[in-house]
């Protein structure tokens, strides 16, 4: 019997409304007890005085690049970056090579993560075969094989009829459809947010309506089908308001926001900084404020990174041709804690947005410290000060706009099924 006793920490488990100075006992990889003055003969003891003891964090939007693009990231480096960020469960997007549109790729990811990874990996299957937007993937087979949701993330499903059918099928399997909401005809050749900064830099802009129009379409389809729609990486005030209205009307609509979209504006693009190029693009201050308000009032259900690693050669080019995306697993926690420090959300809200709420959207049994639950745990020092040095990130890729930023808060120990997988 392997046992681990975490003593003197502030146990924060939003799913069970626990926030108190307590001990936590882990036996054979599962949560055995939470209480005061626990003891267990022969247990390994961790003193967590001054630390938060939370469920391992859940990031529901990660690009692992494995299989096929391992020069950017692979399951080993991606889960190492996750563990360093206190993240014990990640859902990986299907735009790998080959795409996660068949059982073989799904099983490869699950098996490699179990054998060599330091976090749970839950694949997200593609909505359409090869992400081509033409024919539906074999959703039932993918769900049975371990996929937890369906998305063509990176590209929108242009055909409304196909999206309707996808929602109807996914609903029969109890899986959410994750929408990349973007009207490509409105995006045109845009490379950043449409606004004064784009005009000054002479770059073609992407208007907010490109996102809002598709968000509105997909919400209407969700109403029509009764399916669970999840909007990925909302970046505009309009999308936030559309979700708020959908929820008020009782629709099964959820959404997520990324740390870069609630921290940065399109001002970060100045100097043609390709590490500030992502899709959806960084928006204006009003959009950032709307996302923060959406997090505060519960409109936004989860914080996810959209961790998108790229090789330096794919970023160290002209802005217009640079690839979209940034790495985010290791900066997720401090950027979220910044919202707490600024008084925008409570600490328990922050942990819920990073644990039980994304887990509930995906229907996975993670993100809680319920007795009997798998012991995925993060020990967090909310006051730990550190500076982002891109070369020291565990991800293979170093494309972050937060290089040189001073951060406060970090995971100091990450425990996966009762085993220590990261120690700062």
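Odds and ends about this structure:
- Considering residues of the stretch 94-117 that are in contact with a strand residue (DSSP E or B) (Cβ under 7 Å, 6 or more places away or on another chain) and surrounded by fewer than 23 Cβ atoms within 10 Å (Cβ to Cβ) only, the residue farthest from residue 171 (Cα to Cα): 110
- Among the residues making up the stretch 281-291, those that are in contact with a strand residue (DSSP E or B) (Cβ under 9 Å, 6 or more places away or on another chain) and outside any loop (DSSP other than H, G, I, E, B) are 287, 291.
This table checks each residue for (1) in the same structural domain as residue 153 (by TED's automatic domain parsing); (2) crowded, with 16+ Cβ neighbours inside 10 Å; (3) at pLDDT 95 or above; (4) under 20 Å from the mean Cα position of the chain (by Cα).
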site: 32; (1), (2), (3), (4): no, yes, yes, no
site: 42; (1), (2), (3), (4): no, no, no, no
site: 71; (1), (2), (3), (4): yes, no, yes, no
site: 77; (1), (2), (3), (4): yes, yes, yes, yes
site: 85; (1), (2), (3), (4): yes, yes, yes, yes
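- Scope the stretch 233-272; condition outside any helix (DSSP H, G or I), surrounded by fewer than 24 Cβ atoms within 10 Å (Cβ to Cβ) and out of contact with any helix residue (DSSP H, G or I) (no Cβ under 8 Å at 6 or more places or on another chain); matching residues: 250, 271
- Tally, over the stretch 393-409, of residues that are buried (at least 22 other Cβ atoms within 10 Å of the Cβ) and part of a strand (DSSP E or B): 1
- Selected residue (only one of 57, 136 is touching a helix residue (DSSP H, G or I) at 6+ places or on another chain (Cβ under 9 Å) and more than 19 Å from residue 181 (Cα to Cα)): 57
Residues are listed down the side, and each one gets a yes or a no for (1) under 24 Å from residue 73 (Cβ atoms); (2) in a helix (DSSP H, G or I):
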site: 295; (1), (2): no, yes
site: 299; (1), (2): no, no
site: 313; (1), (2): yes, yes
site: 317; (1), (2): yes, no
site: 327; (1), (2): yes, no
site: 337; (1), (2): no, yes
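- Of all residues making up the stretch 206-253, the number that are at positive phi, without any contact (Cβ under 8 Å) to a residue 60 or more places away in the chain and within 22 Å of the chain's Cα centre (by Cα): 0
- Qualifying residue in the stretch 392-404 (condition: at positive phi, in the same structural domain as residue 34 (by TED's automatic domain parsing) and within 20 Å of the chain's Cα centre (by Cα)): no
- Answer from 378, 322, 304 - the residue that is surrounded by 23 or more Cβ atoms within 10 Å (Cβ to Cβ), in the same structural domain as residue 170 (by TED's automatic domain parsing) and touching a helix residue (DSSP H, G or I) at 6+ places or on another chain (Cβ under 9 Å): 304
- So residue 296, is it modelled with pLDDT of 95 or more, surrounded by fewer than 21 Cβ atoms within 10 Å (Cβ to Cβ), over 21 Å from residue 92 (Cα atoms) and in contact with a strand residue (DSSP E or B) (Cβ under 7 Å, 6 or more places away or on another chain): no
- Test: residue 37 is surrounded by fewer than 22 Cβ atoms within 10 Å (Cβ to Cβ) and under 23 Å from residue 120 (Cα atoms): no
The values are calculated or read from the model by the stated rules, or taken from the named source; none is laboratory data. Because the structure is a prediction, the values reported are computed rather than measured. Heads up, the Cβs are rebuilt from the backbone with ideal geometry, glycines too, and the neighbour counts pull from every protein chain shown.
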